[in-house]
Amino acid sequence: MSVGEWVSTSMPYVAARGAGQGDAWSAETAARGRRGGQRIVYAGEVPAPADVAELLGVAEGEAVVVRRRVMYLDEEPCELTDTYYPGSVARGTRLAGTAKIPGGAVTLLAELGHVGVQVREDVTARMPRPEEQETLHTGPDEPVLRLSRVTLDADGRSIQVDMMTMPAHRQRLRYEMRIG
């Protein structure tokens, strides 16, 4: 693994944190001797884009809540994350604001009675858009990975959709599965 590469696993980001614990990103980076941070660039209601609407099970254009963040690793931007919630789940909650949420959004969702029991992820690669290049400090010829994650509750309803964009050359995605 090169110095700038980050090995990412999804499990810390899909389970609620214990009382008094910080967010998963800060905890994971600290455990590896690094520093993680985030800047929330927008939070509030937006019309659901087609791909997000499909994953959330709502009509395209329906009002959903989004939290747009730039994630940092050792003060360098490493990921753009847009997290979407159905309006019925997030409207009027801290998910619709720009303040940091103690324990993270998944913990707040659990406190609100929305617990994820199934997660589905898809990863694709593409060339970055100009605004992604600028924010992530990449060149036009450096591909990005696009990870979409949908979290479902026990009734099979989508409660959260994450759309993450990260420089491909700085990422390794790791999936570990327990059989049986």
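Only the coordinates and a few stated rules stand behind these numbers; no lab work does. Every value quoted in this text rests on a predicted model; they were computed, and no experiment measured them. Using ideal geometry, Cβ is built from the backbone for each residue, glycine included, and neighbour counts are taken over all protein chains shown.
Can you give me the long-range amide H partners of residue 160? Hydrogens built in the peptide plane at 1.01 Å from N, cutoff under 5 Å, separation of 5 or more residues or another chain.
151
Could you run the Karplus curve 6.51 cos²θ - 1.76 cosθ + 1.60 with θ = phi - 60° over region 90-106 and give me ³J(HN,Hα) per residue in whole Hz, x for Gly and Pro?
10, 4, x, 10, 5, 5, 8, x, 8, 6, 5, 9, x, x, x, 5, 5
Could you go through region 69-77 in sequence order and give the Karplus-derived ³J(HN,Hα) for each residue, using 6.51 cos²θ - 1.76 cosθ + 1.60 with θ = phi - 60°, rounded to whole Hz, and x for Gly and Pro?
10, 10, 9, 10, 10, 6, 6, 9, x
Length gain on complete extension for the stretch residue 119 to residue 168, per 0.36 nm per residue less the alpha carbon to alpha carbon distance?
Between residue 119 and residue 168, full extension yields 15.4 nm more.
What does the convex hull of the Cα atoms come to per residue for region 55-180, in Å³?
Cα-based convex hull of region 55-180, divided per residue, equals 147 Å³.
If we count every other residue with Cβ under 14 angstrom of residue 91's Cβ, Lys/Arg +1 and Asp/Glu -1, where does the sum land?
The answer is 0.
Can you list the HN-Hα couplings for region 133-142, worked out from phi with the Karplus curve (6.51, -1.76, 1.60; θ = phi - 60°), rounded to whole Hz and with x for Gly and Pro?
4, 4, 5, 8, 6, 10, x, x, 9, 9
What ranking, highest mean first, results for peptides 49-61, 79-91, 118-130, 141-153 when packing means the other Cβ atoms within 10 Å averaged over each residue?
Order by mean packing, descending: 79-91, 141-153, 49-61, 118-130.
Pull up all non-local amide H partners of residue 78: gap of 5 or more, or a different chain, and H-to-H distance under 5 Å with H placed in the peptide plane.
71, 72, 73
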